[in-house]
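S.K.: Could you have a look at this structure, given as structure tokens, before my questions?
A short reminder: the numbers here are calculations on the coordinates, not readings from a lab. As the structure is a computational prediction, the values presented were derived from the model and not from experiment. Please note: Cβ atoms are built from the backbone with ideal geometry, for glycine as well, and neighbour counts cover all protein chains shown.
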Amino acid sequence: MKRLIEGIRIWDGADRLVEDGAILIDGDTIEAVLTREALSSYELPPSGERIDTSGKLAIPGFINAHTHLYSSLARGMALPGYSPQTFTQILEQLWWRLDKALDAEMVRVSALVGAMEAARCGVTTLIDHHASPHAIPGSLASLRQAVCKEVGLRGAFCYEVSDRDGAKISEQGITENLGFLATKDSQDLLSTGLFGLHASFTLCDDTLDKVARNLPNDVGVHIHVAEGPEDETQCVAEHGLRIVERLERFGLMRPTSILAHCLHLNNEEKDLVADREAMVVHNPRSNMNNAVGTFDLNGFLNKDVLTGLGTDGLGANMLSELFTAALLQKASSRDPLAAPFSALNTLLFRNNPLVGERLFGIKLGRIAPGYPADIVLLDYQPPTPLSAETILGHLLFGISVHTLRVSGLFVAGRPILRDGRFLDLDEEGIYAHAREQAAKLWERAA
Ligand SMILES: [Zn+2]
């Protein structure tokens, strides 16, 4: 089916901005971006749908390169005795309490509302890292069903294997990842899988060895690396190696591997990341919230490491995440020129699509012919000239700091949101059910 979205400003995600143009979608793919002149000579077949979105700004759907949908029901949760002094204590006192209390229905609902909120923020692709130690079997298929089928986004899923809850649960995690990877359907371009690992400090050598022996060659790991300083300290003390060296020893430093955070790597580890062409994902708001350190943005970009941006489960608004990335670099270096637009543009609009391409095997992140029709329509009236040269200023100093209003969203040509409403979901019903599940979860986690 053909769809024609007309009457919009279109930024292609790179260097082209069309005023008062149209996007022609054929099935799941963008067929053409039409100027007003070209549109006047185009005739939509009678079976096609014409969508008038006058005054909207169309941009490519965002990609969230590292998130945790399982944290969706944590918002507002009271935690008796919560007083962490270290990052490990944050995990022990908050996240590991929460993840242990999740049952299968809570996992499903977390994914559903997490994906809905992502859609509302213009995210069309998310890369999730899941944990529910007492509800592991089938959890990844449940996430795929909620994210890709019910909400309709693209998703890359994995289960974070960890030895922190004992050998049986670690084993279940391995089985869940391998089982999910084995169900990969080459025709399904909406979902894919990685092999999830929690972090070096909760994984013993035997487990990593088992992962290495069973992991298909083309599949990477998705792991937290040196998020807190104690991850490195423990690795050196226990294994006599830095974390990246340890992953390298097990053959896990792959071009399809995602290393989240990477805050405390030394220069040799960064060189090794670059050499192995592994991907790194920066999560500035989470890092600031956990007070774990400052990401060396320049260091990674200068070494040509494919460095993307994620929210680590702290919301899904990629523009405010990007803005925070800039503020963090400027504030921490006391340099107003730190994190220039070129670096920010690289993070979100060049590298995140490349991360997505490596995982999904398709081109993403542009409104251009041949690309998947993953498109966000924003309500935005620019008070100053808008062009391909000024767009980042508008996105950061306008939309990000004011209100991100997503009126329309398409993923693979499927309309997900129209006039700010989900087309195929009972939003009120789902949120009411989520509140019930959250109350139950909080009681169990207390
Ligand atoms: Zn994370």
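S.K.: Under a Cβ-Cβ cut-off of 12 Å, what is the net charge of the residues other than residue 81 that fall near it, where Lys and Arg count +1 and Asp and Glu count -1? List each step's numbers first, then the result.
M.R.: On the way: positive: 97; negative: 92.
Cβ neighbours under 12 Å give a net charge of 0.
S.K.: To the nearest 500 deg cm²/dmol, what mean residue ellipticity at 222 nm is calculated for the chain from DSSP H runs of n ≥ 4 alone, each contributing -39,500 (n - 2.57), summed and divided by the residues?
M.R.: -10000 deg cm²/dmol
S.K.: Points 7 angstrom from Cα along the Cβ direction at residue 210 and residue 405: gap in nanometres?
M.R.: Here the modelled spin labels are 5.3 nm apart.
S.K.: Can you put 414, 249, 435 in order of Cβ neighbours within 10 angstrom, beginning with the fewest?
M.R.: Fewest-to-most ranking of 414, 249, 435: 435, 249, 414.
S.K.: Then there's this: Name the lysines eligible as straight-distance cross-link partners of residue 330: C-alpha to C-alpha under 29 Å, and not fewer than 8 places from it in the same chain.
M.R.: Cross-link targets: 270, 303.
S.K.: Placing +1 on the Cβ of each Lys and Arg and -1 on the Cβ of each Asp and Glu in segment 255-318, which of 297, 267, 284 has its Cα farthest towards the positive end of the resulting dipole?
M.R.: Value: 284.
S.K.: Where nothing but the Cβ of Lys and Arg (+1) and of Asp and Glu (-1) is charged, how large is the charge dipole of segment 91-207 around its Cα centre, in debye to the nearest 20?
M.R.: Around 380 debye, computed over segment 91-207.
S.K.: On C-alpha positions alone, give me the angle between the axis of helix 318-333 and the longest principal axis of the chain, in degrees, nearest 10.
M.R.: In the chain, helix 318-333 runs at an angle near 60 degrees to the longest axis.
S.K.: Relative contact order (percent) for the chain, with alpha-carbon contacts under 8 angstrom and 6 or more residues of separation?
M.R.: 21
S.K.: DSSP loop GluC sites (Glu not before Pro) in segment 31-103 with at most 12 other Cβ atoms within 10 Å of their Cβ, which ones?
M.R.: For GluC sites (Glu not before Pro) across segment 31-103 that sit outside H, G, I, E and B with at most 12 neighbouring Cβ atoms in 10 Å, the list reads 43.
S.K.: Using 0.36 nm times the number of residues separating residue 333 and residue 291, minus their current alpha carbon distance, what extension gain do you get?
M.R.: Going from the current span to full extension adds 13.5 nm.
S.K.: Ranking 29, 384 by Cβ neighbours within 10 Å, fewest first, what do you get?
M.R.: Numbers: 29 15, 384 9.
Fewest to most other Cβ atoms nearby, the residues stand as 384, 29.
S.K.: What is the list of residues in segment 76-103 whose amide nitrogen lies under 11 Å from a point 7 angstrom out from the Cα of residue 134, following Cα to Cβ?
M.R.: 97-103
S.K.: Let me ask something additional. When DSSP beta bridges are limited to those with both residues in the chain, what percentage is antiparallel, rounded to the nearest 5?
M.R.: Taking every DSSP beta bridge with both residues in the chain, the antiparallel ones total about 45 percent.
S.K.: Same structure again: Multiply the residue separation of residue 182 and residue 268 by 0.36 nm, subtract the distance between their alpha-carbon atoms, and state the gained length in nm to one decimal.
M.R.: Extra length from residue 182 to residue 268 when fully extended: 27.5 nm.
S.K.: Taking the alpha-carbon distance from residue 184 and a cut-off under 16 Å, which lysines remain once sequence neighbours fewer than 8 residues away in the same chain are dropped?
M.R.: 149
S.K.: Evaluate the relative contact order of segment 289-364 (contact order divided by residue number), counting alpha-carbon pairs under 8 angstrom at least 6 apart; express in whole percent.
M.R.: Over segment 289-364, the number comes to 29 percent.
S.K.: In addition: With label points built 7 Å along Cα→Cβ from the Cα atoms of residue 2 and residue 54, find their separation and express it in nm.
M.R.: Rounded to a tenth, the inter-label distance reads 2.4 nm.
S.K.: Counting Lys and Arg as +1 and Asp and Glu as -1, each charge on the Cβ, what is the dipole of segment 297-446 about the Cα centre in debye, to the nearest 20?
M.R.: 340
S.K.: Considering the options 198, 308, 135, tell which one lies farthest towards the positive end of the dipole of segment 63-360, charges being +1 on Lys and Arg and -1 on Asp and Glu at the Cβ, about the Cα centre.
M.R.: With unit charges placed on the Cβ atoms, the residue in question is 308.
S.K.: Averaging over every viewing direction, what projected area does the convex hull of the Cα atoms of the chain cover, in nm²?
M.R.: Taking a quarter of the hull surface, the average projection is 20.8 nm².
S.K.: Could you state the angle between the C-alpha long axis of helix 427-445 and the longest principal axis of the C-alpha atoms of the chain, as a value from 0 to 90 degrees rounded to the nearest 10?
M.R.: Tilt of helix 427-445: around 10 degrees.
S.K.: Along each of the three principal axes of the Cα atoms of segment 13-57, give the extent in whole Å, ordering the values from largest to smallest.
M.R.: Taking max minus min along each principal axis of the Cα atoms, segment 13-57 gives 32, 23, 18 Å.
S.K.: Moving to a separate point now. Calculate the dipole size of segment 63-360 relative to its Cα centre from +1 charges on Lys and Arg beta carbons and -1 charges on Asp and Glu beta carbons; express the result in debye to the nearest 20.
M.R.: On the way: 25 positive and 36 negative charges, 148 e Å.
Magnitude of the dipole: close to 700 debye.
S.K.: Using Cα positions and a limit of under 19 Å, work out the aspartates and glutamates in reach of residue 56, with same-chain residues fewer than 8 apart set aside.
M.R.: Within the straight-line cut-off, residue 56 pairs with 6, 12, 15, 19, 20, 37, 374, 379, 389, 419.
S.K.: I need the calculated FRET efficiency for the pair residue 104 and residue 29, taking r as the beta carbon distance and R₀ as 30 Å, to the nearest 0.05.
M.R.: The pair residue 104/residue 29 has a calculated efficiency of 0.25.
S.K.: With the dipole of the chain worked out from charges on the C-beta (+1 for Lys and Arg, -1 for Asp and Glu) around the Cα centre, which of 119, 216, 347 lies farthest toward the positive end?
M.R.: 119
S.K.: Which FRET efficiency value, to the nearest 0.05, do you get for residue 298 and residue 397 by plugging their Cβ-Cβ distance into 1/(1 + (r/R0)^6) with R0 = 25 Å? Working shown, then result.
M.R.: Numbers: r = 22 Å, r/R0 = 0.88.
Rounded to the nearest 0.05, the efficiency is 0.70.
S.K.: Find how many whole Å separate the alpha carbon centroid of segment 243-297 from the alpha carbon centroid of segment 143-185.
M.R.: 22
S.K.: Fully extended, how many nm does the chain gain between residue 446 and residue 43 (0.36 nm per residue separation, minus their Cα-Cα distance)?
M.R.: Difference between extended and current length: 139.0 nm.
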